[in-house]
Each structure stands twice: as structure tokens, then as C-alpha cells.
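Visitor: Here it is, the structure in full.
Please treat every number below as a calculation from the coordinates, not as lab data. If you're wondering where the values come from, they're calculated on a predicted model, not measured in any experiment. When we count neighbours, we look across all protein chains shown, and the Cβ atoms used for this are built from the backbone with ideal geometry, even at glycine.
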Amino acid sequence: MKNYRKLTEDEILRLKGQSCLADDWGQVMVDERFTAEYVYHTRFSGEVRLGVFHTEFTLPGGIKKHSGLRHVTLHNVTLGDNCCIENIQNYIANYEIGDNTFIENVDIILVDGVTKFGNGVEAAVLNETGGREVLISDKLSAQQGYIMALYRHRPELIRRMKEITDYYSNKYASSVGKIGSHVMIINTGSIKNVKVGDYCHIEGTCRLENGSINSNETDPVHIGYSVICEDFIISSGSHVDDGTVLSRCFIGQACQLGHNYSASDSLFFSNCHGENGEACAIFAGPFTVTHHKSTLLIAGMFSFMNAGSGSNQSNHMYKLGPIHQGTMERGAKTTSDSYILWPARVGAFSLVMGRHVNHADTSNLPFSYLIEQGDTTYLIPGVNLRSVGTIRDAQKWPKRDKRKDPNKLDCINYNLLSPYTIQKMFKALAILKELRKVSGETSEIYSFQSAKIKNSSLNKGLKYYEIAIHKFLGNSIIKRLENIKFQSNEEIRQRLRPDTEIGVGEWADISGLIAPKSEIEKLLCGIESGEVNRLRCINEQFEVMHKNYYTYEWTWAYNKIQEFYGLNPEEITAKDITNIVNRWKESVIGLDRMVYEDARKEFSLSSMTGFGADGSRYEMKQDFEQVRGDFESNTFVTAVLKHIEEKSALGDELIARISHLV
């Protein structure tokens, strides 16, 4: 706690001589070590507390400026040590400012009345007319937002969630704002009712009103030129720049928004990236990416999603207004000029190409293509499992997690194959087999809801899904049995038995978190009963589910062994394990070979079109290789070949380790 004193008569005389004014010099308190030599043209109003001015700032270009006050009006301001504030057009009112902060060429910074700094603002996601509002807060996670937006069938849960958020918002409501330490605010317009965290950089920003910028030393926030934000929260590590306009939005950790991006009533969670386009009433789960000028995302739920240029959706059919919503499950992509008429639901890791107006629900047919031909939606099930793009995406997401803040709000599971997607593949097998049974094996076209599936696509889909299930269950078994020398079949069975009963049954993807529905249900009941009654506690419970993912996953996989392989896991033998591992090897290597061949297409002669200007075919090939490299030395291709080698060795090692029991 600082010790403040009143100004001496000599200090007051000196300050007056340096063109300083005060409504009441008796209300200006200063640090015991304060000296007046760096305070010029400053007006003091209300209660003002000043620290010391001992250090210099070195600015870009090498210019140095000593800490101090120049051409400033301060009203009810507490100023930390070694700050430099100059050229404030109007005034700074009702703020506590930390140490080593630099503020220059700003119009006005004020708190007007009691404010919650953006906490408790309602964002009308998924339905512009209301009904799915999410209350934003500093502690909002993707998982909290998901529950608040989608679990409207449990009104007591929603009431409690709002109550908990309101408690947090009211707890931190204040008539005094905070600007942290080591903050830089330069060439900026109006900042009103905004809380600014440590190490934040605000430069050239137009207007910020009613919000929190939760910057910190480990993961600073940057707010750049011509940005306008109203009713907002921006989390650590985010960059909002170049004319971005936000209204009633939550920006999660390590997001990037720029190049005139505009959004209203939208939530962007960890590592989202938006440029040029527009968002309205969207729930952008982790890694939602949109780069293009003509792209509109509206009333949809997305995650791990990449929107192609010109992607568009409609959320009303010119009847009762914009009341329809849609979901693109994790990993779904849209190609250029794709269009979806909501309501619709697109399965995980699916690709949407063309215009789709028939409200398809492909959630139980993941890894599919939805392609429009002559106003008809054609569905190609499972084909994305062999796509080089899908595998590349799965590898890049963990590498692109830019969060440096040790306190991560969102729980993110990157697994391509998980109980969530594999349970859908089991359903997909049942759906496709039923279609074939009802319509006959020789039918050329099968109808699934409003989509068409060709005969060849259906049969290949069955094969792709079976390969993926073999791969997932085999992976789980090998992982469970690794590094143990077994002496009997009973030892194998003992090791295979799950550590917990949690994990059986349906799983859900709660906007990045993959978890058993039983555990989510337990948390929701805890919120409804009042047992869980703080935002922090809710996030902690989600974190527990996230950390125990692999324990729960094995319980689920163990209970699927009998269903898929027809084996009772309580009676399984080394011979059965060997057969499963051999099938797993075939599946893994087979899938990798498909990915390898898909990658080869990128190096075909047709892909070289446009290379080798004004030259022969040989020059075209040479130019292509200089820019793209050759196929065999491509890093992704070599990684696929290495993966085949490593997985083969892994399977062989387990088979060898239990061979004496076969």
C-alpha cells in the first residue's frame, strides 16, 4: 500500500509556474518521493493521487520521453509510478492507472457512473430475434457458452447460469475503471467504461465503449487502427486490428480479427481468425477461420471450421423472420461460393460444396462430402477420412494454438477420431446398411433425408467407416497394453479392464471439449441444485473432464470391443489381440496409403498448370518443383511414410510381446 502525502507549498508554487491548475490543491496527494519537475500544463480535479516520475520511455525510432504529465486533465485519478501521459484532448476521469503506462494523443478516457465493463452483456447468438442469449463475462469459456446457448430445454439450468454470471458481473461493477501496468495507449479516440489489463497495446483505435480488455504480461492484447468496439470482452493474447467493428461480442483467447471484419451478437472462442467478412449471431467455437471479403457467417455454430470465399447462409425463409439456425460440427469446411439454407446440420469433418436448400442433417454421417449437382444435394459418406486435407488440418490445429496465458479458458480436444466421432460412425454403418437393405443392393441411388447417395459412394462409405473404427479401437488397445510384459491371458484381461465406469454411453462435443454425456449431465445437475455456483467452478469441472479424457475414452472403447469384434473382453486372449492388431495394421496402413495417393494428386501434371511461364513442359515441372518442392521430399508426404513405418513397428512390437501366449 502506497503512502501518500499532501503537496508542499513549494511544490504547489512550482506546479503553478509550470501552468498547472487544481480545483482544490488539498485533494492532490502524491507519493512520498514525488518531485514536480516533470508535470506541465496539467489540471487536477476531484481526488487525484500521483506516483513518481523517475524513468524514461524509449519509443519506436529511438526517441526518448521522460515519464511525467503534459497537457492533461485528470479527474478522480490514481496514477502509478513512472507513467507518461501527455496530449489528452479532453480529460481522463475516474480511473486507477498502473505503473510504467504510456498514454499519448487520446481524445477522452472516462468511466461514467457504475459500470460492469462488458460483463453481463447479452449476445443474441444463433437467433437474432432472441431466445438463446449468452451473457458474456471475463470467465466465459466455450463450454459455458455452449450450455447457455443450447440447453434452453432446461430453464432452471439457464436461470442458474444467468444468476451466476450476474453475481460475477455485479461483484466487479464499479464507478472507477482500471488501466493496468505497462500499458500503451496512443493516437486513440474515445475510451469509455473500459477496463484495460496489463501490457495492453492500444494504437490508433477509434472508439471503445463498455468492455474489458483482459490483457496480461504473459499474453498481451493488441487493439489497432480504426477499431470500434461496443459492449465487448476481449481475452488475453487477442489481436483486433485494421478497422474491425464489434458490437455485443466476446473475443476469446488468442483470436485475430482484422481487415475491416465486422461482427455483432457473436462469440469467438480460442484461436478464431476473422478477416474481411461479416458475422452475425454466430457461435464460433475454437479455430473458426474466415478470411474472405464476401463471406457471411450468420446464425450458425462452428468449430475447427474454415469458411471458403463467398460462403453464405440464410437463417430465414421469408416467413417468420430470422429464426432458423444451423450447426456445422467440428472440422466442417465450406468451399468457395457455398450456400446453406438453415436449418441444417452438417456432420463432423465434412466438406460443403455448392448451394444446399433442403435442410439436410448429416450429423450421423461424419467425414462426408455434401456436393450440389443440379439443385440436388449429393452425399458421399466417409470420403473425407482419406483426404490429405483432413489429416493436415488435424496436425496443424495444435500447432496453431497461440494461447500463452497459463489460465486457459477453453478446453480443446484435437483428436480426429474419438468416442464422439466413432459413435457416429457406428450409427453411420447402421444407416447405410439399412438404406441398402430397404432399397436393394443394386439401386443406383439411395435417398437419405433430402440428400442422394450413389451406390458406389454408399459401399465405399461402409468401407471407410469400418477402417476408421478398426483404427480407433486398435489404437486404444495398443495404447492400453504398451510397455507391459504379460505372462498370461488373464494378465492381459486384467490390464484391459477400465479404471473407471465413467465413459460408457453417448459422448458429446461441447464446443471443443469431448466428454461423456454422463459427466456433463452431472455438472448440469450440480448447477441446477446450486452445488456449483461460480463461473470459476464451472470451468474447473470442465477442466477435470478434459484431463480425464483418455481414461474415459478407454472405458468407452472397452465396451465397444464386443459390439464390433464380437468378442467378450472378459474372455479375450492373446490370439484375439493379435488378430485385432493385424486388422488395425491393415486399416492404418490402408488409410495412410489413401492419404498418400490423395497427396500425390497435388503433384500431378494438371496441378502444374500455370507454372513455368512461356516455357516448355520441362520448364513447367522445374518451376513447380522450385516453388512447391518434389513429391517424395514433401514434408507431409515423408511424415505419412514415416507414420506407416512407425505404426507397423508398434503393432509388430505388441504381437511379438504376446506371441508366447498365442
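Visitor: Determine the gain in length on full extension of the stretch residue 152-residue 427; use 0.36 nm per residue of separation and subtract their C-alpha separation, reporting nm with one decimal. Kindly include the intermediate steps, with their values, before the conclusion.
Guide: Numbers: separation 275, 0.36 × 275 = 99.00 nm, distance 2.62 nm.
Fully extending the segment from residue 152 to residue 427 adds 96.4 nm.
Visitor: What is the distance, in nm, between label points placed 7 Å from the Cα along the Cα-to-Cβ direction at residue 479 and at residue 661?
Guide: According to this spin-label approximation, the distance is 2.0 nm.
Visitor: Near residue 16, which lysines are there with a Cα under 23 Å away, not counting those fewer than 8 places off in the same chain?
Guide: 6, 65
Visitor: About its Cα centre, how strong a charge dipole does the chain have in debye, to the nearest 20, once Lys and Arg get +1 and Asp and Glu get -1 at the Cβ?
Guide: On the way: 74 positive and 82 negative charges, 307 e Å.
Value, rounded to 20: 1480 debye.
Visitor: Show the residues, 5+ positions off or on another chain, whose built amide H is closer than 5 Å to the amide H of residue 294.
Guide: HN-HN under 5 Å from residue 294: 310.
Visitor: Could you give the length gained by full extension between residue 597 and residue 497, i.e. 0.36 nm per residue of separation minus their alpha carbon distance, to one decimal place? Let's see the in-between values first.
Guide: Working: separation 100, 0.36 × 100 = 36.00 nm, distance 3.85 nm.
Stretched out fully, the residue 597 to residue 497 stretch lengthens by 32.2 nm.
Visitor: At 20 Å minimum axial length over the Cα atoms and a Kyte-Doolittle cut of 0.0, report the qualifying DSSP H helices in the chain, or say none. Please report the intermediate quantities before stating the final value.
Guide: Working: long enough: 155-171 (24 Å, -1.28); 419-439 (30 Å, 0.07); 455-481 (39 Å, -0.20); 549-565 (23 Å, -1.09); 574-600 (38 Å, -0.54); 635-658 (35 Å, 0.39).
Span-like helices here: 419-439, 635-658.
Visitor: Strictly over 21 Å apart at the Cα level, which of 463/585; 585/642; 427/460; 139/402; 139/547; 2/404 would you flag in this model? Before the final figure, lay out each step's value.
Guide: Numbers: 463/585 15 Å; 585/642 14 Å; 427/460 16 Å; 139/402 19 Å; 139/547 19 Å; 2/404 31 Å.
Among 463/585; 585/642; 427/460; 139/402; 139/547; 2/404, the Cα-Cα distance tops 21 Å for 2/404.
Visitor: Restricted to Cα positions, what overall size does segment 325-422 have along the principal axes? Three whole-Å values, descending.
Guide: Dimensions of segment 325-422 along the principal axes of its Cα atoms: 50, 29, 27 Å.
Visitor: When the Karplus curve 6.51 cos²θ - 1.76 cosθ + 1.60 is applied with θ = phi - 60°, which whole-Hz ³J(HN,Hα) does each residue of segment 357-365 get, with x for Gly and Pro?
Guide: With coefficients 6.51, -1.76 and 1.60, one gets 10, 9, 6, 6, 10, 10, 4, 9, 10 Hz.
Visitor: Under a 5 Å amide H to amide H cut-off, with H placed in plane at 1.01 Å, what residues pair with residue 256 once short-range neighbours are removed?
Guide: Those lying under 5 Å, H to H, from residue 256 are 239, 272, 273, 274.
Visitor: Hey, another quick one. Pull out the extension gain between residue 37 and residue 170, defined as 0.36 nm times the separation in residues minus the alpha carbon to alpha carbon distance; nm, one decimal.
Guide: Gain on stretching residue 37 to residue 170: 43.8 nm.
Visitor: Could you tell me the calculated FRET efficiency between residue 459 and residue 24, based on Cβ-Cβ distance and R0 = 51 angstrom, to the nearest 0.05? Show your work: numbers first, answer last.
Guide: Values: r = 87 Å, r/R0 = 1.70.
The calculated FRET efficiency here is 0.05.
Visitor: Here is a further query. How large is ³J(HN,Hα), in whole Hz, for each residue of segment 507-514 in order, when computed from phi with the Karplus curve 6.51 cos²θ - 1.76 cosθ + 1.60 and θ = phi - 60°, using x for Gly and Pro?
Guide: Couplings: 10, 9, 9, 8, 6, x, 8, 9 Hz.
Visitor: A follow-up question, please. Largest first and in whole Å, what are the equivalent-ellipsoid semi-axes of the chain based on the Cα gyration tensor, each being the root of 5 times an eigenvalue? The partial results should precede the final answer.
Guide: Working: eigenvalues 590, 160, 135 Å².
After scaling each eigenvalue by five and taking roots: 54, 28, 26 Å.
Visitor: So what is the 222 nm mean residue ellipticity for the chain from helices alone, if each DSSP H run of at least 4 adds -39500 (n - 2.57) and you divide by all residues, rounding to the nearest 500 deg cm²/dmol?
Guide: -10500 deg cm²/dmol
Visitor: Modelling each spin label as a point 7 Å along the Cα-to-Cβ direction, I'd like the residue 487/residue 64 distance in nm, to one decimal.
Guide: Computed distance between label sites residue 487 and residue 64 equals 7.6 nm.
Visitor: Counting C-alpha atoms alone, how compact is segment 216-323: give Rg to one decimal and Dmax as a whole number, in angstrom.
Guide: When restricted to Cα atoms, segment 216-323 yields Rg and Dmax of 13.4, 51 Å.
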